[in-house]
Amino acid sequence: MRILVTGSAGHLGEALVRTLRDAAHDVVGIDIAASPCTAAVGSVADRDFVDRCMRGVQAVLHVATLHKPHVATHARQSFVDTNVTGTLNLLEAAVANGVGAFVFTSTTSVFGDALTPPPGEPAAWITEDVVPLPKNIYGVTKTAAEGLCQLFQRNQRLPCLVLRTSRFFPEPDDSQATRDNYADGNIKANEFLYRRVDIQDVVDAHLLAIARAPEIGFGRYIISATTPFVQDDLAALRDDAATVVANRVPGYEAEYARRGWRMFPGIERVYVNAAARQALGWRPRYDFAYVLERLRAGEDPRSPLAQAIGIKGYHGPSFEDGLYPVE
């Protein structure tokens, strides 16, 4: 199958291109940056470039985007150009070329303010039914792009699936306060309980989405590690996460104590992946229990794919806050 992968020089783009090549697919990787996984250098905002690259393509994995860390360094118009106009260009070219499946990589950031309930309220149980409340231009443009996908499925019958991925970046946390108080491995392990996913599981979800898109037509799915929590945990989870985790994952405390790690005092949201597992037949392997098992064995809890890709970063220069500029 000839598959177009946008953003092929990025974390997920490279992971997809590597995996598809290993499976003997004909992959067209495109990005604004040259890389071993990029066949053509150019912007998705350039309609002529997109049209050329779409010829003969049977499926599209649209990963290219300006991310949240770019909010402080890029103009709002740049987000519109890349995330909205770029998606529109790809959708129109896909229809014109008879593409059979279009998968759009979105983000749980679209939920925005819905992710943090007011003080005193239980943690938020985040499913696809939660209404997005974007809080920055990144969330706004990703939400708009999702709407374009839905429109093209409705009116042009282009099978489109939207995958709202949670955190999978390997870079240090984007909050300096969190970095100052917790080791990097501690942060990421904690996040597998409620807001992180391994890139191997993300890749698996995308490949399943290609196969299922013609049957489903349109759908939005949260792609995050399977949480051990249930809705009855939400009230206690907000203020006493350690006790809830001890109840759901007995014995985690010993490994954390051995490493000098701590659970976050409270967790404010939980991403629920049940819809993706049911609709796509997705079976994510990397969850908190798996991470804990690998840590106990003295092994790297990341998938081999995540280890191979490593850290790419979002910006060339360093900033006062380290890797991330202050908005």
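Below is a table of values for the structure above.
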{"read-out": "Sites Ala40 and Ala308, calculated FRET efficiency, Cβ-Cβ separation with R0 22 Å, nearest 0.05", "value": "0.40"}
{"read-out": "Over the stretch 182-243, equivalent-ellipsoid semi-axes from the Cα gyration tensor in Å", "value": "30, 16, 7"}
{"read-out": "Length gained when the stretch Ala274-Thr178 is fully extended (0.36 nm per residue, less Cα-Cα span)", "value": "31.7 nm"}
{"read-out": "The chain: angle of helix 137-156 to the longest principal axis, Cα-based, in degrees nearest 10", "value": "50"}
{"read-out": "Rg(Cα) / (2.2 N^0.38 Å) computed for the stretch 233-280, rounded to two decimals", "value": "1.39"}
{"read-out": "Reciprocal mean inverse distance between Cα atoms of the stretch 16-109 - Kirkwood radius, Å", "value": "14.0"}
{"read-out": "For the stretch 1-117: relative contact order, % (alpha-carbon pairs under 8 angstrom, 6 or more apart)", "value": "27"}
{"read-out": "GNM top mover of Ile267, Ile32, Ile223 - the chain, alpha-carbon springs below 10 Å", "value": "Ile32"}
{"read-out": "Estimated vicinal HN-Hα couplings, Hz - the stretch 258-266 in sequence order (Karplus 6.51, -1.76, 1.60; Gly, Pro = x)", "value": "4, 9, x, 8, 9, 7, 4, x, x"}
{"read-out": "Degrees, to the nearest 10: 86-96 long Cα axis against longest axis of the chain", "value": "50"}
{"read-out": "Highest average packing first - 11-17, 224-230, Cβ atoms within 10 Å", "value": "11-17, 224-230"}
{"read-out": "Estimated distance in nm for a label pair at Asn97 and Asp300, the labels positioned 7 Å out from Cα along Cα-to-Cβ", "value": "3.4"}
{"read-out": "Choice from Arg52, Arg157, Arg262 with maximal GNM fluctuation in the chain (Cα, 10 Å cutoff)", "value": "Arg52"}
{"read-out": "Rg/Rh for the chain, where both radii come from Cα atoms and Rh is the Kirkwood radius", "value": "0.96"}
{"read-out": "Cα pair distances in the stretch 123-258, grouped into 5 Å bins until the bin that holds the longest one, percent each", "value": "2, 8, 14, 17, 20, 16, 10, 7, 4, 2, 0, 0"}
{"read-out": "Zero-based 10 Å bins, Cα pair distances in the stretch 50-150, whole percents", "value": "15, 40, 29, 13, 3, 0"}
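Every number in this text was worked out from the coordinates using simple rules, so none of it is lab data. Just so we're clear, the structure is a prediction, and the values are computed from it rather than from any experiment. For neighbour counting, all protein chains shown are included, and Cβ atoms are generated from backbone atoms with ideal geometry for every residue, glycine included.
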